[in-house]
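Below you'll find the structure, written out as structure tokens, and then a few comments.
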Amino acid sequence: MSDWLISLEGTADGRNLALTLALIAAVLHAVFGALQKGRHDPWLTRASIDTGLIFISFPLLFFVPFPEPHMWPIFIIVIAVHLIYKILQAMAYARGAYTVVYPVVRGMGPLFTVIGAYILFGETFTSWQWMGLAVLMAGIFGLAAYNLMYLETERSTLSPALALAVATGLFVALYTTIDAYGIRATADPFTFLAWFFFVTAFDFPLMFALLPRLRAKLKGIEPGPLIKRGF
């Protein structure tokens with residue numbers, strides 16, 4: 001399957017497949033974001049999701065080639081960038097309404113991504129592509145502005161939530177660009193995917209279990225009795 005995917009590079013079928021997969025990924029990302037911002041603590045939810053990813057991705061490691069030596073520095077960078085992204089996102093979700101924070105995160109991502117694609121991959125864009133990006137950002141930020149006008153809760157923490165959302169959007173673009181670099185740097189794309197989901201899934205479960213004081217500080221609360229005991 002890897003050979004088939006690589007053969008599609010630069011073809012019309014490859015572009016159509018990439019577009020389809022990107023749209024599916026966008027829907028799944030929105031669902032994932034809604035789950036994390038749901039009624040439960042976003043930190044606990046993220047730790048639970050990552051724990052599930054460990055068990056799901058581990059068996060896949062036995063069905064893909066072992067990563068080449070040059071991939072391990074890339075994985076270290078990927079782990080660090082995704083950790084910062086997940087921390088920023090959890091902090092934003094804990095402070096702001098989902099219908100305001102999430103559109104800002106997703107709106108900043110595409111802008112930063114095209115800048116990163118130009119710097120790292122030398123990709124250029126036509127005027128129509130820039131126009132499409134402008135329409136996309138206008139729609140996303142328009143949704144955030146509309147929801148902001150009618151927001152009745154979480155206004156006291158909205159300013160830091162928006163600042164965190166912008167920072168999260170920056171790291172969305174950063175991890176998107178680095179992940180794209182990583183998946184192109186290995187001979188088998190599924191090697192990167194399988195190991196990516198595995199190695200990036202340990203941070204939040206470990207932080208939740210072993211670093212309750214750090215978690216409490218990031219959440220902006222004092223560590224109470226339950227938190228001191230690691231709950």
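Each value in this text was obtained by applying a stated rule to the coordinates, not by laboratory testing. None of these values were measured; they are calculated from a predicted model.
A few notes on this one:
- For the range 192-201, Karplus couplings with θ = phi - 60° (6.51, -1.76, 1.60), whole Hz, Gly/Pro x: 5, 4, 5, 6, 4, 5, 6, 6, 8, 9
- Near D188, no amide H atom lies under 5 Å from its own; only residues 5 or more places off or on other chains count, and H is placed 1.01 Å from N.
- Across the range 125-139, coupling constants 3J(HN,Hα) worked out from phi with the 6.51/-1.76/1.60 Karplus curve, θ = phi - 60°, read 9, 7, 4, 5, 5, 5, 5, x, 4, 5, 5, 4, 5, 5, x Hz, and Gly and Pro carry x.
- Residue by residue, the range 57-72 carries 3J(HN,Hα) couplings of 7, 4, x, 5, 4, 7, 10, 10, x, 5, x, 5, x, 6, 7, 5 Hz when phi is fed to the Karplus relation 6.51 cos²θ - 1.76 cosθ + 1.60 (θ = phi - 60°); x denotes Gly or Pro.
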